[in-house]
Each structure stands twice: as structure tokens, then as C-alpha cells.
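Asker: To start, I am sharing the structure in question, which I have written as C-alpha cells.
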Amino acid sequence: MDVLTIQAAGRSGLPDDEQLAFASQQGRVMVTMDSDYLILAAQGMSHAGIAYAKPGTRSISQLIQKLKLIHDVLTPADMENHIEYL
């Protein structure tokens, strides 16, 4: 699994739509607890996938387990414009 944080990409502070477009251009699933990304997807913004967790509902360990399962089971094509709720 290849992970790139917003901070490591030098993209801190940029608007959500730009973050999602960048992730999509890179072929990366956006992993987030920010429901604004769900709104962008509902408005029709295309993306390489969104993995969303409601804040405070999962431990870090649980999130990692769920992300590993998604990685192992779903292809990039499966995730395209798909939201996976963690």
C-alpha cells in the first residue's frame, strides 16, 4: 500500500476540491474524516475513490484494518467514483 499525506505532498491548506482533484490525478483514494468530500462527490466531482470514516467512530487500528481490506479486495477501477464507508 502506498500512502501519501497532504503534508508530505506539500498541499496543506489547499481547498478540498483541489485536494480531491490532485488525489484523482495521482490515482489515489482519498482517505478522510471530512464529510466535505462526500458533498463534492454528491455534486458530481469525479475521483479515484473516497474512503470515509465518521470522526470518533474507529480506532487507528480499526481504520488500518479496513483500509487494508479495501486494498486487498477492490481494484482501482472498483474504487473509481466510489465511496467506501469505514
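Read the figures in this text as sums done on the coordinates, not as results from a lab. All values derive from a computational prediction rather than experimental measurement. Cβ atoms come from the backbone with ideal geometry, glycine included; neighbour counts cover every protein chain shown.
Asker: Residue-wise, which Karplus ³J(HN,Hα) couplings in Hz belong to region 70-85, taking 6.51 cos²θ - 1.76 cosθ + 1.60, θ = phi - 60°, and x for glycine or proline?
Answerer: Result, ordered by residue: 4, 4, 6, 9, 9, 8, x, 5, 5, 7, 4, 6, 10, 10, 10, 8 Hz.
Asker: Starting from the Cα-Cα distance between LEU63 and ALA9, subtract it from 0.36 nm times their residue separation and give me the gain in nm to one decimal.
Answerer: My answer for the length gained is 17.3 nm.
Asker: Using each residue's phi in region 33-38, evaluate 6.51 cos²θ - 1.76 cosθ + 1.60 at θ = phi - 60° and report the 3J(HN,Hα) Karplus result to the nearest Hz, with x for Gly and Pro.
Answerer: 10, 9, 5, 4, 5, 5
Asker: Let me ask something additional. Which residue, SER61, SER46, SER24, has the most motion in a Gaussian network model of the chain that connects Cα atoms within less than 10 Å?
Answerer: SER61
Asker: Using a Gaussian network model of the chain with C-alpha springs under 10 Å, which one of LEU63, LEU74, LEU38 is most mobile by mean-square fluctuation?
Answerer: Looking only at LEU63, LEU74, LEU38, the biggest GNM fluctuation is shown by LEU74.
Asker: Averaged over every viewing direction, what's the projected area of the C-alpha convex hull for the chain? Give it in nm², one decimal, please.
Answerer: Quarter of the Cα hull surface area: 5.4 nm².
Asker: Still on this model: What residues have an amide H closer than 5 Å to that of GLU84, excluding those fewer than 5 places away on the same chain, when H is modeled at 1.01 Å from N in the peptide plane?
Answerer: ILE50, ALA51, TYR52
Asker: Take ILE70, ILE39 and order them by how many other Cβ atoms sit within 10 Å, fewest up front.
Answerer: With the fewest neighbours first, ILE70, ILE39 line up as ILE39, ILE70.
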